[in-house]
Amino acid sequence: MISPTDNSSSLAIDANGLNGLRLSAKQNSPEATKAAAKQFEALFIDMMLKSMRDATPQDGPMDNEQSRMFTTMLDQQMSQKMADKGIGLANALVRQLSNNAGGHVSPTDNQNGEAAAVRATARPSTGKSTGVKAQSTHVKAFQDLLGPQAEKASQATGIPAKFMLGQAALESGWGKREIKAADGSSSHNVFGIKATSGWRGKVVETPTTEYINGVPQTRLQKFRVYDSYADAFHDYARMLSNNPRYGAVLANSHDATSFAQGLQKAGYATDPHYAAKLANIINKSLA
């Protein structure tokens with residue numbers, strides 16, 4: 001027999017955990033029902049966080065297997081903490097399950113609850129979804145922070161400001177994976193511009209994902225460090241305007257797809273899907 005105390009001490013985020021929920025819920029006691037509901041609430045929160053992560057672009061200088069592992073661990077810890085405080089789902093489940101005939105909770109009841117949570121998490125956007133709302137808020141915050149710098153760069157290059165905001169979002173994961181300097185401070189390098197031999201400013205070395213013959217590999221690369229986001233956008237505009245390899249990008253920046261494809265053809269990034277990802281962000285998230 002699985003006691004409520006044992007079952008509530010860890011997150012039920014795998015098949016064994018779900019089986020434990022069903023067994024716990026079958027016990028004819030209020031304590032078992034409450035423990036199962038609490039675990040299910042933690043499961044639902046974890047699924048919600050995963051859905052939010054999946055909605056965010058994952059390709060950036062700091063994106064690698066190790067960072068994704070730590071992100072998953074952090075999400076699980078956050079799920080447990082949020083479930084401990086409660087978001088109301090566990091209490092609702094307890095009331096519903098306790099109203100079953102005879103006070104018994106069947107495995108079928110619990111499975112139906114799991115299916116409801118999956119549907120709630122995977123349901124298409126209605127504008128009220130927690131994941132979509134959080135993403136929209138984050139996009140707006142990103143635009144508010146970097147919009148003025150993008151407008152100035154647009155005046156210098158002729159490239160629409162939202163095109164450059166989209167590229168900064170893709171490279172930095174909407175600012176969440178911005179390259180950090182050695183002391184942990186911001187590098188302000190939201191475009192992932194590498195420190196080549198001609199760069200005379202500050203640099204930071206960090207792991208990044210490079211595609212070699214279409215295969216992703218983690219490499220240590222040096223990146224430029226700027227004193228401000230304004231400096232980053234100014235350097236980006238200067239690079240596109242002065243480097244002949246980006247001439248086609250400037251000439252074909254009338255739409256998002258042409259702009260994105262031009263950057264990829266010019267060799268801005270090694271990701272074979274870079275253009276599609278960038279055009280998607282510009283056309284959907286920044287529309």
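Across segment 135-158, the qualifying residues are those that are β-branched (Val, Ile, Thr) and surrounded by 16 or more Cβ atoms within 10 Å (Cβ to Cβ), and the one among them that is farthest from the chain's Cα centre (by Cα) is Thr157.
When you look at Pro244, is it farther than 15 Å from Leu146 by Cα, assigned by TED's automatic domain parsing to the domain that holds Ala275 and touching a residue at least 60 places away in the same chain (Cβ under 8 Å), yes or no? For Pro244, the condition - farther than 15 Å from Leu146 by Cα, assigned by TED's automatic domain parsing to the domain that holds Ala275 and touching a residue at least 60 places away in the same chain (Cβ under 8 Å) - is not met.
On inspection, Ser285 does not qualify as within 20 Å of Gln149 (Cα to Cα), crowded, with 17+ Cβ neighbours inside 10 Å and in contact with a strand residue (DSSP E or B) (Cβ under 7 Å, 6 or more places away or on another chain). Scanning segment 250-269 for residues that are in contact (Cβ under 8 Å) with a residue 40 or more places away in the chain, surrounded by 17 or more Cβ atoms within 10 Å (Cβ to Cβ) and in contact with a Ser or Thr (Cβ under 9 Å, 6 or more places away or on another chain) gives Ser253, Phe259. The number of residues in segment 188-217 that are among the hydroxyl-bearing types (Ser, Thr, Tyr) and either more than 23 Å from the chain's Cα centre (by Cα) or farther than 19 Å from Lys176 by Cβ (or both) comes to 3. Summed over segment 146-203, the residues that are touching a Lys or Arg at 6+ places or on another chain (Cβ under 6 Å) and of a type in the set (Lys, Arg) give a count of 0. Would you say Asp231 is more than 21 Å from Ser154 (Cβ to Cβ) and of a type in the set (D, E, K, R)? Here the answer is no, as Asp231 does not meet what is asked.
The values are calculated or read from the model by the stated rules, or taken from the named source; none is laboratory data. Being a predicted model, the structure only gives us computed values, none of them experimental. Positions of Cβ are backbone-derived with ideal geometry, glycine not excepted, and every protein chain shown enters the neighbour counts.
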